[in-house]
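> Got a structure for you, questions after.
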Amino acid sequence: MQPDPGSLRFFAKAIREANAEDQAIAESLSQQSALFEDPLKPLQRSEYVFGYRFKSGGHPHEHVIHDWEVHAAWFNYRRRYGNEALAHLTEMYGKTIPGQNLHFILGTMKAHPNTFIVIGLLRSPLSPQDIERQGQLFG
């Protein structure tokens, strides 16, 4: 899913202020499982949920990002920038990444089959115009 141009807004919400469903999904993010081993050590929990508000096809959407990448970035920024970490993360996810031809990879979870969540961010250094100039691969 690609957001409509100019509609994208990144947000960070304290986990204690998130709704119960987002809190439960955020909790599941810290759980790691292994195919052939005992369960792995739980990952560090983030004190925030991160997401985007946007329009796609003119319809408003709000999705929490459930990809571990944004949380790992948060922990790295917190270590690097201290009290300024949230401002730096907001700059990256609110301005830099949206300028990279951002698309959302959406999915659902077994426990919440009717709720779509962002499970990944797909970005490219190519603009949509560059992609159009490429032509068709098959045709």
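Rule-based calculations on the coordinates, nothing more; no lab input. These numbers come from a predicted model, not from an experiment. Please note: Cβ atoms are built from the backbone with ideal geometry, for glycine as well, and neighbour counts cover all protein chains shown.
> Only one of 123, 78 is touching a Leu at 6+ places or on another chain (Cβ under 6 Å) and not aromatic (Phe, Trp, Tyr). Can you tell me which?
Only one candidate qualifies: 123.
> Filter segment 69-106 down to residues that are surrounded by 13 or more Cβ atoms within 10 Å (Cβ to Cβ), among the small types (Gly, Ala, Ser) and under 16 Å from the mean Cα position of the chain (by Cα), then give me how many there are.
3
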